Amino acid sequence: MYTIANSIAYAIIFLFLIPYLLYKLGIDVEKETTKFFPLILSFLFIRVFVDINLLPNTFFTVTPGVWILGIITYFIARKIPIIQWVLFFATLFVYAFYVNIDIKVLVLLLYFFGLSLIILCPVFLIDKKIALAHSLDIATTFVGLTYLGLKEKHVLSSLIGEPFFIGFFKMVVLYVLLKTYNKPYIRASIFVLGLLTGGRNFLIEIALK
């Protein structure tokens, strides 16, 4: 369960502290995010498996444990690169095998993804990847709350309330963040955050029946 306290703690740790420590270790966080993109998706699938009842809810299958496990696996995969591909194709296969995709929901999500991207146009002009990732998050949040009857689990979105305003709020926050703290490791962490939240929602919503 997300609370104001643990949401702030997760944000500080995963958005700023860990990327900063990796940066201090001489790791190009932005480059590594691209290089190990399949590994990120693998742990995203693992997190979704809990939501669609393919895995039990344990410390290492939900936040923060699943991402701690992901970071440990990342350091192993730097030495043994094949690990990320094995894990990626294994989790992709499990998802594709067990899930029937709802085409109507998929079309609806793509439509609102386009609208969300328009809202994030100022962000898109600064960083395209961040705009795309967070457009997915905005679209899936709006569709989930408005059309699919889902409930918001994250504190910040719950405080905003009206799903329609979430996109505009995100646009302002992202624009200010990127203009104020436009460092490579900050950009990488903001991108991953949008990808994980939006990607999780997307994979859950197209699987709902």
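Brief remarks follow.
- You will find that of Ile68, Ile72, the residue that is surrounded by fewer than 12 Cβ atoms within 10 Å (Cβ to Cβ), farther than 22 Å from Lys183 by Cβ and among the hydrophobic types (A, V, I, L, M, F, W, C) is Ile72 and no other.
- Restricting attention to the range 28-50, the residues that are surrounded by 16 or more Cβ atoms within 10 Å (Cβ to Cβ) and either of a type in the set (Lys, Arg) or not in a helix (DSSP H, G or I) (or both) total 2.
- Of all residues in the range 75-103, those satisfying the criterion of being at pLDDT below 95 and aromatic (Phe, Trp, Tyr) are Phe75, Phe97, Tyr98.
This table checks each residue for (1) in contact with a Leu (Cβ under 9 Å, 6 or more places away or on another chain); (2) modelled with pLDDT of 85 or more; (3) of a type in the set (Gly, Ala, Ser); (4) under 13 Å from Leu120 (Cα atoms).
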site	(1), (2), (3), (4)
Lys151	yes, no, no, no
His154	no, no, no, no
Ser158	no, no, yes, no
Phe165	no, no, no, yes
Phe169	yes, yes, no, yes
Leu174	yes, yes, no, yes
Leu178	no, yes, no, yes
Pro184	no, yes, no, no
Ser189	yes, yes, yes, no
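The values are calculated or read from the model by the stated rules, or taken from the named source; none is laboratory data. None of the values given here were measured: they were computed from a predicted structure. Because the Cβ atoms are built from the backbone with ideal geometry, glycine has one as well, and the counts that use them run over all protein chains shown.
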